[in-house]
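The values are calculated or read from the model by the stated rules, or taken from the named source; none is laboratory data. Being a predicted model, the structure only gives us computed values, none of them experimental. Glycine gets a Cβ as well: all are built from the backbone with ideal geometry, and neighbour counts include every protein chain shown.
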């Protein structure tokens, strides 16, 4: 061995051999094998690696948002739940949440793929006042739409709106 080679400190994991030929081991595959053998747990409770789906980049829906069907769902639920109801602020707060959840679940049962469903329900006391409910949305006028229905009885009014926004 020459003088320079003797004075060099061996690096971690590598040893200097006489003759200048360094023999190195290939990187360990134990960690790769370990990670391949380990199964991942998924949210649905099953074990196994999660399957990655590729994007489809589908720019138009297979079918349009069914405004008429959604409007009939709104009419049915509001009429059924509010016909005999009297206005009470605390009760109407919970009632608007439960109606909104019911409407959203019924609209999701229509299996409208790739649409985000947004449901708003307003309930107020019927009196000698005026009220305006407005909304602004940034959307594609060709595919995004909404359906709404208004209901009145002797003591309250309700306005329900369902937005269907196409998710590309």
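A few notes on this one:
- Qualifying residue in region 153-161 (condition: under 18 Å from residue 71 (Cβ atoms), surrounded by 18 or more Cβ atoms within 10 Å (Cβ to Cβ) and within 17 Å of the chain's Cα centre (by Cα)): no
- Of all residues in region 77-94 being in contact with a strand residue (DSSP E or B) (Cβ under 7 Å, 6 or more places away or on another chain) and assigned to a helix (DSSP H, G or I), the one that is nearest to residue 106 (Cα to Cα): 78
- Residue in region 132-139 that is touching a strand residue (DSSP E or B) at 6+ places or on another chain (Cβ under 9 Å) and in contact (Cβ under 8 Å) with a residue 40 or more places away in the chain present: no
- Output for region 109-143, where each listed residue is surrounded by 12 or more Cβ atoms within 10 Å (Cβ to Cβ), under 23 Å from residue 59 (Cβ atoms) and under 17 Å from the mean Cα position of the chain (by Cα): 112, 114, 115, 117, 118
For (1) in a loop (DSSP other than H, G, I, E, B); (2) under 24 Å from residue 142 (Cβ atoms); (3) at pLDDT below 95, each residue gets a yes or a no:
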position: 53; (1), (2), (3): yes, no, yes
position: 60; (1), (2), (3): yes, yes, yes
position: 71; (1), (2), (3): no, yes, no
position: 96; (1), (2), (3): no, no, no
position: 111; (1), (2), (3): yes, yes, yes
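- Flag if residue 121 is in contact with a helix residue (DSSP H, G or I) (Cβ under 8 Å, 6 or more places away or on another chain) and part of a strand (DSSP E or B): yes
- Taken over region 115-139, the criterion of being within 20 Å of residue 66 (Cβ to Cβ) and modelled with pLDDT of 90 or more is satisfied by 115, 116, 117, 118, 119, 120, 121.
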